[in-house]
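Each remark here refers to the structure printed beneath this line.
Read the figures in this text as sums done on the coordinates, not as results from a lab. Keep in mind it's a predicted model, so treat the numbers as computed, not measured. Here the Cβ positions follow ideal geometry from the backbone for every residue, glycine too, while neighbour counts run over all protein chains shown.
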Amino acid sequence: MSTIASNLSKTFKAAQIDGPNQPWKIVDMPHRELKPTEVLIKVLASGICGSDHFVEDGSWPGIVYPRVAGHEVVGRVAALGSDVKPVAHLVIGALVGVGWNGGYCSVCEPCREGDFAGCVEMQVSGFTFDGGHAEYIYAPRSAVVSVPESATKYASYAEIAPMMCAGVTVYGALKASGYTPGDLCVIQGIGGLGHMAIQFAAKLGLRVYVVTTSPSKGELAKSLGAHGFFISSPNTVDEIQALGGAKLIICSAPYSKVISDLIPAVARNGTIMLVGATTDGKIQIDNVLFNMSRVTLKGWSCGVAKDAEECLNFAALTGVRSVVETYSLEEFSKAYGIVKTGNPKFRNVITFPE
Ligand SMILES: [Zn+2]
Ligand SMILES: [Zn+2]
């Protein structure tokens with residue numbers, strides 16, 4: 001049997017929601033026995049992702065309440081379940097993370113094929129078990145990401161946390177797109193995902209343009225590494241096609257009409273990559289454009305722990321980091337409200353004392 005670490009207090013604070021569309025409230029949660037394959041992590045930073053709204057409004061199937069959201073977590077190992085061998089990053093005090101993927105079984109058919117993100121038993125952090133908007137998180141062993149201590153030399157814990165979902169999502173999507181360095185990559189949206197996609201795409205050697213609504217946002221995109229920008233207008237598609245069309249369009253902001261209108265800017269043999277989660281309607285495509293121009297439509301979401309580690313290594317090598325504003329746990333509702341209205345700059349992260 002595992003035991004609760006002796007130096008822990010009996011309870012810890014968490015931002016919890018009792019049911020769909022209820023208010024978030026700060027509660028004292030009791031520590032409990034670790035399951036044999038769990039890792040207890042003392043949270044240092046927890047990013048608020050746009051998809052936390054699935055927990056707030058109950059639109060993700062099967063969420064059991066009350067629930068603590070949060071799947072962009074950085075912290076330190078505080079205790080190990082009885083079956084967790086203390087190897088590699090799984091030692092007390094190690095710097096670790098937890099992302100959207102809350103672990104996999106290793107024995108189902110997708111896992112046996114190496115597609116751990118497709119595990120039929122897949123857990124989702126902050127959805128199927130309590131997430132990181134809390135002083136502690138109990139995470140399945142396979143969900144734990146090793147974070148190199150060297151990462152803290154270029155970024156704070158808060159700047160690292162969004163790598164666990166936003167970062168690994170756009171990094172993985174770019175890699176999966178089959179791009180060639182120098183290709184024109186158009187990024188739709190400069191939010192939590194988009195501001196990281198700009199940086200990763202530029203560092204991966206793409207020619208990065210952003211579609212945005214104002215020159216000031218365009219200049220902001222350039223400061224993040226974009227080579228240029230288009231101000232969204234009825235002429236945007238023509239302007240992009242005048243450059244030869246976009247070999248890759250990363251759709252990061254969840255607005256179905258904006259995405260639908262931008263799709264015809266794709267180049268022949270180009271790829272449309274959907275990484276956001278639109279809930280405001282269906283994306284429309286032109287069948288003839290797709291078959292005559294041999295366009296690929298592809299979606300992407302997150303990755304598993306090992307993918308996050310690769311993303312972190314690349315970010316450390318190239319200086320990619322999330323731009324964040326930090327809040328205390330007591331300020332959770334305020335921080336979440338800003339994300340919900342769509343105006344964070346760019347990731348709101350809850351931080352905790354070390
Ligand atoms: Zn997320
Ligand atoms: Zn599996």
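Can you tell me, using C-alpha contacts under 8 Å and at least 6 residues apart, the relative contact order of segment 219-325 as a whole percent?
20 percent
If you build a Gaussian network model of the chain, linking Cα atoms that sit under 10 Å apart, which residue out of D28, D238, D286 swings the most?
D286
Sorting check: for 344-350, 322-328, which peptide has the highest mean count of neighbouring beta carbons within 10 Å, and how do the rest follow?
344-350, 322-328
Given +1 on the Cβ of Lys and Arg, -1 on the Cβ of Asp and Glu, and no further charges, what dipole in debye does segment 200-354 carry about its Cα centre, rounded to the nearest 20?
That gives segment 200-354 a dipole magnitude of about 340 debye.
Using the Karplus curve 6.51 cos²θ - 1.76 cosθ + 1.60 with θ = phi - 60°, work out ³J(HN,Hα) for each residue of segment 149-163 in order, rounded to whole Hz, and write x for Gly and Pro.
Karplus-based 3J(HN,Hα) across segment 149-163 equals 4, 4, 4, 6, 6, 10, 8, 7, 4, 5, 6, 7, 3, x, 4 Hz.
Counting alpha carbon pairs within less than 8 Å and at least 6 residues apart, what relative contact order, in whole percent, applies to segment 1-142?
Working: 327 pairs, mean separation 40.9, N = 142.
Computed over segment 1-142, the figure is 29 percent.
Could you let me know the centre-to-centre spacing of segment 9-71 and segment 291-354, using Cα atoms, in angstrom?
Distance between centres, Cα-based: 18 Å.
Could you identify which residue out of V64, V43, V304 has the top mean-square fluctuation in a GNM of the chain using Cα springs shorter than 10 Å?
Result: V64 has the largest fluctuation of those listed.
Relative contact order of the chain, please, whole-number percent, based on alpha carbon pairs below 8 angstrom and at least 6 residues apart. The partial results should precede the final answer.
Working: 843 pairs, mean separation 64.0, N = 354.
Relative contact order for the chain comes out at 18 percent.
List the pairs from K203/K247; K42/K153; K42/K85; K203/K298; K217/K298 whose alpha-carbon separation is above 24 Å, in the order I gave them.
With Cα atoms farther than 24 Å apart: K217/K298.
First select every other residue whose beta carbon is under 12 angstrom from the beta carbon of G319; then total the charges, Lys and Arg +1, Asp and Glu -1.
Working: positive: K153, K203, R321; negative: E159.
Result for the neighbourhood of G319: +2.
I need the peptides 121-132, 13-24 ranked by packing, meaning the mean over residues of other C-beta atoms within 10 angstrom, with the highest value on top. Don't skip to the answer; put the middle values down first.
Values: 121-132: 22.8, 13-24: 16.9.
Highest-to-lowest ranking by the protection proxy: 121-132, 13-24.
For a quick check, take a GNM of the chain with Cα springs below 10 Å and name the residue from M164, M292, M29 with the largest mean-square fluctuation.
Ranking M164, M292, M29 by mean-square fluctuation puts M292 first.
Can you compute 3J(HN,Hα) from phi for each residue in segment 41-48, using the Karplus curve 6.51 cos²θ - 1.76 cosθ + 1.60 with θ = phi - 60°, rounded to whole Hz and x for Gly and Pro?
10, 7, 6, 10, 7, 9, x, 8
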